[in-house]
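A.B. asks: There's a structure below that I have some questions on.
The values are calculated or read from the model by the stated rules, or taken from the named source; none is laboratory data. The shown structure was predicted, so the numbers you read here are calculated from the model rather than taken from an experiment. Quick reminder, even Gly has a Cβ in these numbers, built from the backbone with ideal geometry, and neighbours come from all protein chains shown.
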């Protein structure tokens, strides 16, 4: 029975990932964004790897590269290295990334006022706070987890859109 449950969980996540990816792809096509910040997923996040591979053909795809208390954006390229917190990253680059049009950000959930609840390190909050412009922000999660309480601080980011299953 345990095997069946484990297989169902994997199948269920795979299926939910595909639904969210299709919604993201449709959103990106409608937005006409050319420079897109994505993330390299952890196991509990929407697996955007197939989307990254598809977008690389005709878009500039960037991902976070952890630096200090935040990150910088680097062009997605292989090989990926497992770094701090088990997060995979491409190698560092001195290439100055273009202005991003769209940022797709993983979430643990949102609070009562729609601000991001993440993993508690504040890296995305610091990154977007330090930008001199505001790209379109899209939060993504397999199933929306929303608190009825305000859990955020004034500096926490808020999405323009949330895409879930």
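A.B. asks: Of the conditions (1) surrounded by 15 or more Cβ atoms within 10 Å (Cβ to Cβ); (2) under 28 Å from residue 14 (Cα atoms); (3) touching a residue at least 40 places away in the same chain (Cβ under 8 Å), residue 47 satisfies every one except a single condition; which number is it?
C.D. replies: For residue 47, the failing item is (3).
A.B. asks: So, one more: Condition check: closer than 16 Å to residue 135 by Cβ and touching a helix residue (DSSP H, G or I) at 6+ places or on another chain (Cβ under 8 Å). Does residue 71 satisfy that? Can you show your working first?
C.D. replies: Working: closer than 16 Å to residue 135 by Cβ: yes; touching a helix residue (DSSP H, G or I) at 6+ places or on another chain (Cβ under 8 Å): yes.
Yes, satisfied.
A.B. asks: For region 66-88, check the following and say yes or no: at least one residue is modelled with pLDDT under 90, under 17 Å from the mean Cα position of the chain (by Cα), surrounded by 15 or more Cβ atoms within 10 Å (Cβ to Cβ) and in a helix (DSSP H, G or I).
C.D. replies: Looking for residues that are modelled with pLDDT under 90, under 17 Å from the mean Cα position of the chain (by Cα), surrounded by 15 or more Cβ atoms within 10 Å (Cβ to Cβ) and in a helix (DSSP H, G or I), one finds none in region 66-88, hence no.
A.B. asks: Determine if region 95-109 includes at least one residue that is at pLDDT below 85, touching a strand residue (DSSP E or B) at 6+ places or on another chain (Cβ under 9 Å), under 19 Å from residue 35 (Cβ atoms) and surrounded by fewer than 12 Cβ atoms within 10 Å (Cβ to Cβ).
C.D. replies: Yes, there is a match, as at least one residue in region 95-109 is at pLDDT below 85, touching a strand residue (DSSP E or B) at 6+ places or on another chain (Cβ under 9 Å), under 19 Å from residue 35 (Cβ atoms) and surrounded by fewer than 12 Cβ atoms within 10 Å (Cβ to Cβ).
A.B. asks: Just need a number here: residues in region 110-154 that are more than 25 Å from residue 33 (Cβ to Cβ) and over 16 Å from the mean Cα position of the chain (by Cα).
C.D. replies: 12
A.B. asks: Considering only residues of region 151-165 that are part of a strand (DSSP E or B) and touching a helix residue (DSSP H, G or I) at 6+ places or on another chain (Cβ under 8 Å), which is surrounded by the fewest Cβ atoms within 10 Å (Cβ to Cβ)? Before the answer, list the steps.
C.D. replies: Taking region 151-165 and keeping what is part of a strand (DSSP E or B), we get 158, 161-163.
Imposing the further condition that a residue be touching a helix residue (DSSP H, G or I) at 6+ places or on another chain (Cβ under 8 Å) reduces the set to 161, 163.
Working: 161: 15, 163: 20.
Among those that are part of a strand (DSSP E or B) and touching a helix residue (DSSP H, G or I) at 6+ places or on another chain (Cβ under 8 Å), it is 161.
A.B. asks: Taking region 28-44, which residues are outside any loop (DSSP other than H, G, I, E, B) and either within 15 Å of residue 61 (Cβ to Cβ) or at pLDDT below 95 (or both)?
C.D. replies: Within region 28-44, 28, 29, 31, 35, 36, 37 qualify.
A.B. asks: Here is a follow-up. Restricting to region 119-150, and then to whatever is touching a residue at least 60 places away in the same chain (Cβ under 8 Å) and part of a loop (DSSP other than H, G, I, E, B), can you tell me which residue is surrounded by the fewest Cβ atoms within 10 Å (Cβ to Cβ)?
C.D. replies: For region 119-150, the residue satisfying everything is 143.
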